[in-house]
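Okay, so here's the structure we're looking at.
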Amino acid sequence: MQKWFLPSVIGALGALIVLFNTVYVVREDQQAIVLRFGEFVGRVNPIGAEEPGVRLKLPFIDTVILYPKRNLGLTIQVPPIVAADQERLLVDAFVRWRITDSLLFYQSAQSIQGGQVRLTGFTESAMRRVLGAATSNDIISGRRAELMQAIETDLNTAAASELGVSVVDVRIRRADLPEATQVQVYQRMRTEREQVAARIRAEGAADAQRIRAEADREATVIEATAREESERTRGIGDGERARIFARAYGRDPEFAAFYRSMRAYEEALVAGTPIVVPPDSDFFRYMQRRQAR
């Protein structure tokens, strides 16, 4: 019995080793490539497919390399970037990425660590291209969302074709000025804002003056037109009045003389005003004629 025990144990161990080198498991959150003598022979559970489970391979001949299917995170601290206005900025970014072509990723980077190194280089290049064309104010606050989208697009172009990964999102976590230049830059920004405010106020004052001048001109034109129309209407009325009086006087001259005299008395003899006039004055000539009759 002891004679067969050692060979049996050795055989069992050998079988287990062969079994362990024959069977492998790919989880749902993993993808794999199979190499045979270093040459690619197949993919297992790639992006877009749901093929997890237990698989078999040729022991000691096939090599299985597993990669995650989930999104991965990478924090990048970029060396100082010179913006379009020649300001140096300290920028930190966070990139979320995933492996979409496991074979290309293996050929380009082999491991996750290698992929992070290459992706860091791509990200720094993309950020320098995009942020280098923007002003420091745009990077810090003005157009950050737009710039992050541009970096993501630029980064995807290189990462997909050269590394076999897809960049899901790029976030600029920090974009600050070096402490030595912050006060100077903020003072310049304040001066620029004050200049813009002064220009806007000046334009507003000019517009207000122009509007007032136009309103005054329109008021003058309207007033002159109304005065002209009033004078014309008054002239027409006076003419019509004279015509009516003339026609009335022509029909009854004596009544006309009486009416004119009464109007003259009404205008001249104001209540409470003393007046000294001789009785035979021409002013009372009509009264005298009426009394004589």
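Every number here is computed from the coordinates shown, using simple stated rules; none is lab data. Please read these numbers as outputs of a predicted model, since none were measured by experiment. Neighbour counts run over all protein chains shown; Cβ positions are idealised from the backbone, glycine included.
Spin-label model, Ala208/Arg260: points 7 Å from Cα along the beta carbon direction are separated by 6.2 nm.
In whole percents, the pair-distance distribution calculated for region 14-68 from its alpha-carbon pairs, binned every 10 Å from zero, is 25, 53, 21, 1. You can think of it this way: the chain between Gln110 and Glu162 has 17.4 nm of extra reach, that is 0.36 nm per residue less the Cα-Cα gap. Per-residue packing, averaged as other Cβ atoms within 10 Å, sorts the ranges 200-208, 99-107 into the order 99-107, 200-208, beginning with the highest.
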